[in-house]
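Enquirer: Quick one: structure below, then a few questions.
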């Protein structure tokens, strides 16, 4: 959004940046080697459902597309903030396949002109003591950050900072800590 | 609001003119007028919060409101504003602050009680659009220009007309006074037109952000309906904040629409219906 557009009151929602998602398999290897965090094979895309027929037609298309490869069907759920999550499950070791699925959702939304509705997506990991960890991708920033829920609306900040140090070379990390959005209620995490 | 604002400016010009007369210099007058406008912009967040008796709340104090704003700013990719709550029954919301990095979004307890989550989100996205569009800065510059225009007209006529004064004509001070009022009146109407345009812009951008123009439309209808029912004494107390509210707190029928800070409800709903139609169109 340019400065003049915003000054003239003509701002348009920012479009999503999809490409950085393909760096996740690298980060998964680093996480496994460096901290013993193994991928769970679960990933989800979070987006804002728009009103109108065009959007609901497209949502049906996405689910049909993901379900077509014979794998487990995607699960759609709504969180308490009016955002929709599409959860997809894969073989735990196949992070590339998972990322490809997530990308399929993203590019379908973008091709239908709803790229601005994408909020974030995450790839799930689990630590040595079953500690849950999500590597979250912020579409509008094109950056990642770790999210480690520690029960009852609390997050394990020291673990998150440790992960930040680990994967810093593999994926672009979000530098502003106040943009590390807490994704409470994310399905599968 | 319209009448009060107009009287305020007559006073403003009077002070400025008195300064020119006593100091014999346009410079000091212009500095005072400019300085006041600057302070109005620079301290806009503090003044607005103080006049609404609002307090800034932390994520612990208002977790749901913060979570909602967190998601909207992540969707819009903008810095997160501070969040404030004003304890009043008046259902309203406003955004203020000198730049997106120093902004505050304030909601009243009345609006929190009346709207459901989708509608509240629509209202918040409208306010975030005001922040992104730098509306406080734009409106301050616009009204300051109007003030300066009136001021300079007055000064120019006073000194220019002073040299070859015609003793048979109308008194010079009267001409000066009338022209400066006229210049201000024109800029007043233009500023209000600009304000209404920016409201429609914020409605549109906010609706595209959430993808739910109808939720904002329903919130506006609800608030406007409530606005008309609330006792006027409470409303007048909030009159000075009108320009930053999501809907004006004083019934717009009382003034001609040309003087209104906000477009009529019909116009706003029509604008949102266009967004809705645009979103529903298959690509």
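Enquirer: Output the relative contact order of segment A:14-179, whole-number percent, from Cα pairs under 8 angstrom with separation of 6+ residues. Please list the in-between numbers first.
Expert: Numbers: 290 pairs, mean separation 48.5, N = 166.
Relative contact order of segment A:14-179: 29 percent.
Enquirer: Running a GNM on chain A with Cα contacts under 10 Å, which residue among A:80, A:124, A:36 ends up with the highest mean-square fluctuation?
Expert: Of the options given, A:80 has the highest mean-square fluctuation.
Enquirer: For chain A, modelled as a Gaussian network with Cα springs under 10 Å, which listed residue fluctuates most, A:114, A:144, A:81?
Expert: Highest fluctuation of the listed residues: A:81.
Enquirer: Efficiency by 1/(1 + (r/R0)^6): what FRET value for residue B:113 and residue B:266, r their Cβ-Cβ distance, R0 = 30 Å, to the nearest 0.05? Intermediate results must be reported in sequence, preceding the final value.
Expert: On the way: r = 26 Å, r/R0 = 0.87.
E between residue B:113 and residue B:266, to the nearest 0.05, is 0.70.
Enquirer: Given only helices, namely DSSP H runs of n ≥ 4 each adding -39500 (n - 2.57), what is the per-residue ellipticity at 222 nm of chain A, to the nearest 500 deg cm²/dmol?
Expert: Details: 5 runs with 60 residues, N = 189.
Calculated at 222 nm, the ellipticity per residue is -10000 deg cm²/dmol.
Enquirer: Quick check for you: which residues of segment B:263-283 have the amide N under 18 Å from the point 7 Å beyond the Cα of residue A:56 toward its beta carbon?
Expert: Answer for segment B:263-283: B:276-283.
Enquirer: Additional query: Determine the principal axes of the Cα atoms in segment A:144-189, then give the extent along each, sorted from largest to smallest and rounded to whole angstroms.
Expert: Between the extreme Cα coordinates on each principal axis of segment A:144-189 lie 31, 21, 16 Å.
Enquirer: Could you please state, rounded to a whole Å, how far the C-alpha centre of segment A:134-171 is from the C-alpha centre of segment A:6-50?
Expert: Using only Cα atoms to place each centre, the spacing works out to 11 Å.
Enquirer: Let me know the Rg and Dmax you get for segment A:14-179 when you use only its Cα atoms, in Å.
Expert: Final numbers for Rg and Dmax: 15.5, 47 Å.
Enquirer: Related question: Assuming a ≥ b ≥ c are the square roots of the Cα gyration tensor eigenvalues, decide whether segment A:6-99 counts as rounded (a/c under 1.5), prolate (otherwise, with a/b larger than b/c) or oblate. Show your work: numbers first, answer last.
Expert: Working: a/c = 2.39, a/b = 1.41, b/c = 1.69.
Taking the square roots of the gyration eigenvalues as a ≥ b ≥ c, segment A:6-99 is oblate.
Enquirer: If you count, for every residue in A:175-181, the Cβ atoms of partner chains within 10 Å of its Cβ, what is the mean?
Expert: Details: counts 0, 2, 0, 4, 6, 2, 7.
What the average comes to for A:175-181 is 3.
Enquirer: Could you work out, residue by residue across B:67-73, how many beta carbons of other chains sit within 10 Å of that residue's beta carbon, and then give the average as an integer? The partial results should precede the final answer.
Expert: Working: counts 9, 3, 0, 7, 11, 3, 4.
Counting Cβ atoms of other protein chains within 10 Å of each residue's Cβ and averaging gives 5.
Enquirer: Something else now. Report, as an integer, the average count of C-beta atoms from other chains found within 10 Å of each Cβ along A:4-17. Provide the component values of the computation, followed by the final result.
Expert: On the way: counts 0, 3, 11, 6, 5, 16, 4, 12, 4, 10, 5, 1, 2, 1.
The shielding value for this peptide is 6.
Where a number appears in this text, it was derived from the coordinates with a stated rule and is not lab data. Because the structure is a prediction, the values reported are computed rather than measured. Cβ atoms come from the backbone with ideal geometry, glycine included; neighbour counts cover every protein chain shown.
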